[in-house]
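Just so it is clear, none of the values below were taken in a lab; they were calculated from the coordinates. No experiment lies behind these values; they were computed from the predicted model shown. Neighbour counts are summed over all protein chains in view; Cβ atoms, including those assigned to glycine, are modelled from backbone coordinates with ideal geometry.
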Amino acid sequence: MIDEVPIDKRFQFIAEEVRFMSPKTNKMNYIRLYLNRTRTNYRNILSDVLQQTKTYCEEFPLITMYQEIYNQLLDINELIVIHEKKLSDDEIYDRYTLGVIAAKNFDLEHEIYAQKLSDIFGGSFDYHEMPEA
C-alpha cells in the first residue's frame, strides 16, 4: 500500500510526523552559535545535538532522517573538529544537508533542536577560524 503513495507524499508525511514528535524546549536554555562563536561552544553544541539525535534514532527507528542527521554529525565531528580539516564551501554543501533538513522539517524559529542543527551546519564553514574560547 505504501508503494502506491508517491515518494514526495511519503516524505511529506514523515516530515509532518517529525514535526509532531520533535521536542520543543525552553528557548532560554540555548544560546545560538552566532552569539558565542567559539570552537568550545561549537563542540559543546555538537556534542549535545549528537546525543539528542542518537536518542531520536533509538526512539523513532522508522524515521530514517534521524540516522542521516546522526551520520552527518559524526562526520562533521570526525573531519572538521577532530582532524581540523578545512573543507571548501562546495565540499560542505555537497557533503552535508543538515541546514536543508533543519529548514524543511523543523521550526527554526521555535525548536532548539533545529537551531542546533542549523548552527552546526553554518559553523562548519568557518570552524577553523573561530577562536578557541
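I need the phi-derived Karplus couplings for the range 61-70: 6.51 cos²θ - 1.76 cosθ + 1.60, θ = phi - 60°, integer Hz, Gly and Pro marked x.
x, 7, 8, 5, 4, 5, 5, 5, 4, 4
Taking the convex hull of the Cα atoms, report for the range 49-133 its projected area averaged over all directions, in nm².
Details: hull surface 23.5 nm².
Orientation-averaged projected area of the Cα hull: 5.9 nm².
Of all GluC sites (Glu not before Pro) in the range 87-121, which ones are in loop regions per DSSP and have a Cβ with at most 15 other Cβ atoms within 10 Å?
Numbers: sites: E91, E109, E111; in loops: E109, E111.
Passing both the DSSP loop test and the Cβ count: E109.
For the range 32-68, list residues with backbone N below 18 Å from a point placed 7 Å from the Cα of M130 toward its Cβ?
Under cut-off, by backbone N: 32-53.
Quick one: what are the phi-derived ³J(HN,Hα) couplings along the range 104-116, Karplus 6.51/-1.76/1.60 with θ = phi - 60°, whole Hz, x for glycine and proline?
With the stated coefficients, the range 104-116 comes to 7, 10, 9, 9, 5, 6, 10, 9, 4, 4, 5, 5, 5 Hz.
Give me, ordered by chain and number, the residues 5 or more places off Y30 or on other chains with an amide H under 5 Å from its own placed amide H.
Amide H to amide H, under 5 Å and 5 or more residues apart or across chains, Y30 pairs with nothing.
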